Amino acid sequence: MLKSKLCDFLGIKHPIIQAGMGPFSNNKLCIASANAGVLGLLSTSGINTKDSQPGIFKSFAETGGASPDDDKETIFRKIFKQTFEGTKKKKGIFGINVMVSAELKDSAEFIINTAIAAREENPQLKEQFKVIFTSAGDPMPWGEKIKGAGFKWLHVVPSVKGAQRCQKAGVDLVVASGHEGGFHTSWEPIHSMVLLPAVVEAMAGSNVLVAGAGGFCDGKSLAAALALGAAGVQMGTRFLATEESDFAKLWKEGVVKAGDRGTLVARGFVGPARWVKTATSLKHQENTLKYTPELYLDRPGEMNEGALKLIANEIEGMNAVYAGDESKALIAGGECAQRVNDLPKVQELVDRIVKDAENIISGLAKKHIAP
Ligand SMILES: Cc1cc2nc3c(=O)[nH]c(=O)nc-3n(C[C@H](O)[C@H](O)[C@H](O)COP(=O)(O)O)c2cc1C
């Protein structure tokens, strides 16, 4: 049976994290993942779309078992309750992904406070709602609150420098996220094959665990991550394309349809983002180069008229996904979309990934080491 320190640390069966993926709450996906023995993560970013993208906000609330008319705290409480109810029989382990970038600081604080309060009120919830996963910002201000409340703290980083900052901040596990990953990517891209072992080496001798993200989607890539010294992997694009995933049909199918060289990087809300290659995303890439070329020089550039045009296009592209309008849709996904060719049930997927990884790992020595 495949085991790692990640399994012991979180009390999960398999060394896999189902990535938090906005803008849905990912409620059904999180429940299915936690019940399949991996860490299930709820996304929380959709809570910020109430005024800017009401259609997305509605989906966020409804996939979480709440109503868009509920106040924000009630929405989260319903999401946590529904997740707990759906996982308590199998004692599945879950958590929340919270973006903590400077402009989302107040929102992040509110989400984390709500999570802490909900957990304090229900001791049973404590056994399963174990994780706060912070992303997209500086980890430094958050340790006392998160760890003080008894949560396990995970944070995602794009660099060794970021991992070292996490170590200083007291993060328990860093997810080293390579440039292959879906949706928002880092400004200065490094791919998993270099980033993951570099972060593992930098964290050696400390108590900080390391998982890989970006490009991991099957038994082969899980086995590779373990060989690179990781305690496990986080998978986003692969879990997006599952039967239980809360993502819109067009989004899931867009990932499955992506072929060879099937993604590109262009502007995406707060910075560079990886999109599935379509006529719409190719045009968006062209416009990114035209209006905010600094993006390809790893700099944000100015918020000029061109940048605003791009944001409007991104909003339209996301809304088109929900409306089922393929001609305008912008579909976020990782490079591994080209290796994702089906929409399995989460349990079947996890079983397949783990079995393949076990076979690969046990077969490697027989195949390559001479007696
Ligand atoms: C559609 C989509 C939405 C995402 N949304 C978020 C998010 O809200 N917060 C976050 O930290 N990461 C987000 N991510 C990144 C994932 O958490 C994960 O790190 C990434 O998908 C891993 O790479 P992979 O797609 O190759 O598996 C998103 C990824 C995708 C594909």
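Within segment 352-370, residues that are on the phi < 0 side of the Ramachandran plot have Cβ atoms under 9 Å from residues that are open to solvent by 60 Å² or more (accessible area, probe 1.4 Å) and among the aliphatic types (A, V, I, L, M) in these pairs: 354/1; 358/1; 361/227; 364/227, counting only partners at least 6 apart in sequence or on another chain. The set of residues in segment 35-48 that are assigned to a helix (DSSP H, G or I) and more than 16 Å from the ligand (Cβ to nearest atom) contains only 35. Can you find a residue that is away from the ligand (no atom under 13 Å from the Cβ), among the polar types (S, T, N, Q) and either more than 24 Å from residue 58 (Cβ to Cβ) or modelled with pLDDT under 95 (or both) anywhere in segment 257-278? Taking every residue of segment 257-278 in turn, at least one turns out to be away from the ligand (no atom under 13 Å from the Cβ), among the polar types (S, T, N, Q) and either more than 24 Å from residue 58 (Cβ to Cβ) or modelled with pLDDT under 95 (or both). Conditions: (1) open to solvent by 30 Å² or more (accessible area, probe 1.4 Å); (2) farther than 29 Å from residue 227 by Cα. Residue 168 meets all but one. Number of the miss? Failed condition: (2).
Hey, any hits in segment 171-181 for a residue that's away from the ligand (no atom under 15 Å from the Cβ), open to solvent by 40 Å² or more (accessible area, probe 1.4 Å) and in contact with a helix residue (DSSP H, G or I) (Cβ under 8 Å, 6 or more places away or on another chain)?
Looking for residues that are away from the ligand (no atom under 15 Å from the Cβ), open to solvent by 40 Å² or more (accessible area, probe 1.4 Å) and in contact with a helix residue (DSSP H, G or I) (Cβ under 8 Å, 6 or more places away or on another chain), one finds none in segment 171-181, hence no.
Among the candidates 241, 213, 227, 248, the residue that is more than 28 Å from residue 300 (Cα to Cα), among the aliphatic types (A, V, I, L, M) and touching a Gly at 6+ places or on another chain (Cβ under 8 Å) is uniquely 248.
Out of the residues in segment 331-348 that are surrounded by 24 or more Cβ atoms within 10 Å (Cβ to Cβ) and in contact with a helix residue (DSSP H, G or I) (Cβ under 7 Å, 6 or more places away or on another chain), state the one that is farthest from residue 274 (Cα to Cα). The selected residue is 346.
Here's the yes/no breakdown for (1) open to solvent by less than 10 Å² (accessible area, probe 1.4 Å); (2) part of a helix (DSSP H, G or I):
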{"residue": "8", "(1), (2)": "no, yes"}
{"residue": "20", "(1), (2)": "no, no"}
{"residue": "56", "(1), (2)": "yes, yes"}
{"residue": "59", "(1), (2)": "no, yes"}
{"residue": "62", "(1), (2)": "no, yes"}
{"residue": "68", "(1), (2)": "no, no"}
{"residue": "76", "(1), (2)": "yes, yes"}
{"residue": "98", "(1), (2)": "yes, no"}
{"residue": "108", "(1), (2)": "yes, yes"}
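For every residue, the table says whether it meets (1) closer than 15 Å to residue 353 by Cβ; (2) assigned by TED's automatic domain parsing to the domain that holds residue 37; (3) more than 15 Å from the ligand (Cβ to nearest atom).
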{"residue": "189", "(1), (2), (3)": "no, yes, no"}
{"residue": "199", "(1), (2), (3)": "no, yes, no"}
{"residue": "204", "(1), (2), (3)": "no, yes, yes"}
{"residue": "215", "(1), (2), (3)": "yes, yes, no"}
{"residue": "219", "(1), (2), (3)": "yes, yes, no"}
{"residue": "225", "(1), (2), (3)": "yes, yes, no"}
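The values are calculated or read from the model by the stated rules, or taken from the named source; none is laboratory data. Fair warning: this is a prediction, and the values are worked out from it, not measured in the lab. Glycine gets a Cβ as well: all are built from the backbone with ideal geometry, and neighbour counts include every protein chain shown. Remember, those area values only see protein heavy atoms, side chains included, never the ligands or the DNA or RNA. Shrake-Rupley method; radii C 1.70, N 1.55, O 1.52, S 1.80 Å.
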